[in-house]
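Q: One structure coming up, written as structure tokens, with questions to follow.
The values are calculated or read from the model by the stated rules, or taken from the named source; none is laboratory data. Every value quoted in this text rests on a predicted model; they were computed, and no experiment measured them. Quick reminder, even Gly has a Cβ in these numbers, built from the backbone with ideal geometry, and neighbours come from all protein chains shown.
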Amino acid sequence: MADTNSFFSFKNTVGNLTDKDVDQTANYLEAIEAFTRTTHNSVYVIDYETKGFEYVSDNPLFLCGNSAIEVKEMGYDFYFKYVPEKDLELLLKINTIGFDFYEKIPLEERKEYSISYDFHLKNEEGKIILINQKLTPLFLTESGKIWKAICFVSLSTQQNSGNIIITKKDGTKKIAYDLKTDCWKNLKKIELSTREKEILQYSIRGYAINEISEKIYISPDTVKFHRKKLFEKLGVANIYEAISYATVNKLL
């Protein structure tokens, strides 16, 4: 029977921290707390040494009716309480294949990769919502184990759980895990059209739809059409997420 320890791979056992390991984390939570005040995402930090949450933001999306302090105290028991059984099995699988992946890449590159996936949560009213979780290593031990990782939680734009994707920060590598064949597959890099790039670039500069239409000599409805297609291509819900995705993945 699965328990909290199931989420913590023996391949990533963190122990006997060195002074150098500890020194790298000095006051870092102050920066995390400041950042969470500027984002609509829920944010939390996993500590793989203590096998729990070191930080949980007050954003209610991830809390399922609990306070941030209560979720922090629950740690991984939170998942056993609020994730449906089928998706709990999925999370355990993601945990296994994720650490297997990180173990196979060079130590100096391990902080450059993020893993994202979708799963269901039962909120405080008993309703099921689909969320996306993106996990990025924050600190490694001197031996290369992931010690702390930061997670960003947002509402998923997908229809089903899964959608396991690992992305390198410079956008040069993006792979998806096929749950049917149990293997990773390279994903073709998304290419934006000239029109999509124009709309994004003007949006970054704060231009509204009508203003963009005047700049590039098309109707507002045509701008809306291209934006809709852009959102579908990137798998995002709005222009702010599109800008973030395009920036992170070096699409502009």
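Q: Report every pair of residues separated by at least 6 positions or lying on different chains whose Cβ atoms are under 6 Å apart, first residue within the stretch 40-59 and on the phi < 0 side of the Ramachandran plot, second assigned to a loop (DSSP other than H, G, I, E, B) and not small (G, A, S).
A: S42/N59; Y48/V14; E49/V14
Q: Looking at the stretch 39-59, can you tell me whether even one residue there is closer than 24 Å to I128 by Cβ and in contact with a Pro (Cβ under 9 Å, 6 or more places away or on another chain)?
A: yes
Q: Quick one: which of V223, V236 is of a type in the set (A, V, I, L, M, F, W, C), farther than 23 Å from K134 by Cα and in contact (Cβ under 8 Å) with a residue 24 or more places away in the chain?
A: Just a single option satisfies the conditions, and that option is V223.
Q: Can you work out which of the residues in the stretch 3-30 that are closer than 20 Å to L88 by Cβ and surrounded by 14 or more Cβ atoms within 10 Å (Cβ to Cβ) is modelled with the lowest pLDDT?
A: S9
Q: Out of the residues in the stretch 152-175 that are touching a strand residue (DSSP E or B) at 6+ places or on another chain (Cβ under 8 Å), among the small types (G, A, S) and closer than 20 Å to A242 by Cα, state the one that is modelled with the highest pLDDT.
A: S154
Q: Still on this structure: Select the helices (runs of 4 or more DSSP H) contained entirely in the stretch 1-75, then report the ones holding at least 3 residues which are charged (D, E, K, R).
A: Where helices (runs of 4 or more DSSP H) fall fully within the stretch 1-75 and carry at least 3 residues being charged (D, E, K, R), they are 19-23, 68-74.
Q: Looking at (1) closer than 19 Å to N5 by Cα; (2) crowded, with 19+ Cβ neighbours inside 10 Å; (3) aliphatic (A, V, I, L, M), can you tell me which one I115 breaks?
A: Of the numbered conditions (1) closer than 19 Å to N5 by Cα; (2) crowded, with 19+ Cβ neighbours inside 10 Å; (3) aliphatic (A, V, I, L, M), the odd one out for I115 is (1).
Q: Which one is surrounded by the fewest Cβ atoms within 10 Å (Cβ to Cβ) among residues in the stretch 230-252 that are in a helix (DSSP H, G or I) and charged (D, E, K, R)?
A: Here the residue is E232.
Conditions tested, residue by residue: (1) farther than 28 Å from N59 by Cα; (2) assigned by TED's automatic domain parsing to the domain that holds T39; (3) surrounded by 15 or more Cβ atoms within 10 Å (Cβ to Cβ).
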residue	(1), (2), (3)
Q159	no, yes, no
I164	no, yes, yes
D170	yes, yes, no
A176	yes, yes, yes
D182	yes, yes, no
N210	yes, no, no
V223	yes, no, yes
H226	yes, no, yes
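Q: Can you name the residue in the stretch 67-77 that is free of Cβ contacts under 8 Å to residues at least 40 places away in the same chain and buried (at least 17 other Cβ atoms within 10 Å of the Cβ) and is also farthest from G98 (Cα to Cα) among such residues?
A: Checking each candidate, the answer is A68.
Q: Continuing with this model, one more query. For the list (1) part of a helix (DSSP H, G or I); (2) touching a Pro at 6+ places or on another chain (Cβ under 9 Å); (3) of a type outside the set (F, W, Y), I need the number of the one condition that D87 fails.
A: (2)
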